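Just below is one structure, and these are the notes that go with it.
The values are calculated or read from the model by the stated rules, or taken from the named source; none is laboratory data. Keep in mind that what you see is a predicted model, and the values were worked out from it rather than measured. Neighbour counts run over all protein chains shown; Cβ positions are idealised from the backbone, glycine included. Areas reflect the complete protein model, heavy atoms only, side chains present, ligands, DNA and RNA absent. Shrake-Rupley method; radii C 1.70, N 1.55, O 1.52, S 1.80 Å.
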Amino acid sequence: MIRTEALTKRYGPILAVDAVDLDVREGDRYGLLGPNGSGKTTLVRMLLGLVFATSGRIEVLGRPVPRRVHEVLPQVGALVEGPAGYPHLSGRTNLRIFDAAGPGGSRRTRRRRVDEALDRVGLGGIDRRPLKAYSLGMRQRLGLAGALLRTPRLLVLDEPTNGLDPRGMREIRDLLAELNAAGTTVFLSSHLLAEVEQLGNRIGVMDRGRLVVQEELATLRAPTGRVLVRSPDAARAAALLDGRVEARDGDALTVRHDDPAGLNALLVGEGLRVAEISAQRRSLEQIVLAATTTSADRIEAVP
Amino acid sequence: MIRVELVKLLRRPRTWVAVALLCALPVLVAAFVAVRHLAPAPGRGPAFLSAVLNNGSLYPAAAMAMVVPIFLPIAVAVLAGDAVAGEATGGTLRYLLARPVGRTRLLVAKLVALTVFVLLALAAVVGTSYVAGVLMLGTQPPAALGEPGGVTSLSGPPLTSTQLTLRVLGTVAFITVSMLGVAAIALFLSTLTDSALGAAFGALAVLVTSDVLLTLDAASAVQPYLPTRYWLAWVDFFRDPIFWRDIEHGLLLQACYLGLLLGAAWANFMTRDVTS
């Protein structure tokens, strides 16, 4: 669906995006993570033909961008760096105006499509209040409705749950999962790890313009070959498993072992009590922190 | 997209405030003149004002002479300066381009909307000032001057109402082209910056500079090429016979400015990164 080769964008001396080979496949729920200022938004803007690449190639829906971007965009729903609209007009009018501005949205079905999109994002009952009276969460929902208007094949969403409360985030996540199950490819960028962890099936991590990780979430989070055990009899367990215990902290042990069930049977067979036992997996946070260096919005003083 | 731009223009309160203000000035002047019955001496004050004292039918021409030098260009510069920069600041530019609206198409739609605004404003000014002129200044044939009725041209011979209507339409067309010149300056600047105010201010700076240089004898070499040089040439529509030379020069000059600046605006906008 999206494929870039050595995509690079330079703003003067600053390398915003550096030789990125992005690969988003049909049906993916692709989560692009990275600290603030790591180049996520610039990358998204290049995919939509808003920013022109310094070098490299982009292909979206099998067509080169930006050369044939006008054939691609009617099938793409986008939310870029927060929603926007005309503040003196109502949400409905805003959606109608954006729909009427470009191709691919039939005039005959416009009213119905606008109502459906508003229903989907939970704004079915909005009145004629102007956009300037909307809360941040309402604007975010309206922006999503705008992206859904023409049932796109690909959704490109930059920080889609920004400004939503936990319940709203959950609703949007469920909506995106539902759309994905119906065949829409979802590409979202975020710095919220939990959001990506719960929605994505493939992850990319950006750091200072480079794509440093691109992998299936399941692979990234595969067991590490260690088992975490919590036991009131930790001291005896450590003695029993001598040589395989990598760390002990009070009643918690980290044991080098491939099979939690087997380890559990072994411990219980020796008469040891086991309170908790599970295979160790790296959290997404550990993966991202290991792959990235520092936040670009952090500027240290040079001594 | 053009339809969308027109809807946006017409549904924006700002448009109507601008039109109302443009209409209010001539009405205010008409009220003063009617009450005091005291027009400026011929050759002083706004053009035509001394001619309309006895016949309000020519008042639309006087009204246009009032709004063209400053008021209308300011309104046009503000709107045109906002055209692209305003969308960029509001964040709607990226959504329009991602919709997708072609960049060329977007510029054309903006230009069409600006033209419609100028025509709308001029139509409103002509309409209200005609009503105000006829109601407050009357349509008495200036019998005292020995004229057989109708409106007197600036050169003396009377004009029939058909002639007058045609000449007012010619004036509206000429002013529209002149104002599109202003719009082209502001639109070009609007594609350069994300600040709508900056673009409008830049366009006004060009106009003020041009006006100052026009009064300066030392600058006579460049005067024929200044954008405001022929702005009031439409006054020649109200001579009999019509004095075409300045009108033609004015149209030609504005056509050059339009071609140059719109070309520059297009070239800049097509290659620009939209990062707002």
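List of remarks:
- For the range A:179-218, diffusion coefficient by Stokes-Einstein and Kirkwood Rh (Cα), 20 °C, 1.002 mPa s, µm²/s: 192
- Values of log10 I(q)/I(0) for the range A:16-120 across q = 0.21 Å⁻¹ run -1.25, by the Debye formula with one identical scatterer at each alpha carbon and no solvent.
- With all protein chains kept in place, the per residue accessible area of the range A:114-213 amounts to 42 square angstrom at a probe of 1.4 angstrom.
- Across the range A:175-248, the fraction of Cα-Cα pairs farther apart than 16 Å, rounded to a whole number, is 66%.
- Approximating the spin labels as points 7 Å out from Cα along Cα→Cβ, the B:A264-to-A:T224 distance works out to 6.1 nm.
- Test item: B:87-96 mean partner chain Cβ contacts at 10 Å: 5
- Reachable lysines, given that their alpha-carbon falls under 20 Å from the alpha-carbon of B:K110 and they are not under 8 places away in the same chain: B:K8
- Orientation-averaged projection of the range A:1-66 equals 4.3 nm² [convex hull of Cα atoms, one quarter of hull surface area].
- Debye log10 I(q)/I(0) for the protein assembly as shown, one point scatterer per Cα, at q = 0.06, 0.09, 0.11 Å⁻¹: -0.47, -0.82, -1.04
- Distance-filtered residues of the range B:254-269 - backbone nitrogen under 20 Å, label point 7 angstrom along B:Y225 Cα→Cβ: B:254-265
- When the inverse distances between all different Cα atoms of the range B:157-260 are averaged and flipped, the Kirkwood radius reads 15.0 angstrom.
- Per the Debye formula on identical point scatterers at the alpha carbon atoms of the range A:217-275, with no solvent, log10 I(q)/I(0) at q = 0.17, 0.26, 0.30 Å⁻¹ is -0.52, -1.07, -1.37.
- Over the range A:134-205, the ratio between the Cα radius of gyration and 2.2 N^0.38 Å evaluates to 1.04.
- Area hidden from solvent between A and B (accessible, protein heavy atoms only, 1.4 Å, total, Å²): 2500
- Percent of Cα pairs exceeding the 33 Å cut-off, where the set is chain A: 38
- By the Kirkwood approach, averaging reciprocal distances over each pair of separate Cα atoms, the range A:146-303 gets a hydrodynamic radius of 19.1 Å.
- Length gained on full extension, B:L25 to B:H37, computed as 0.36 nm times the residue gap minus the Cα-Cα distance: 2.6 nm.
- When the Cα convex hull of chain B is projected onto planes of every orientation, the mean area is 15.4 nm².
- Peptides B:188-195, B:217-224, B:248-255 ordered by average Cβ neighbours within 10 Å, highest first: B:188-195, B:248-255, B:217-224
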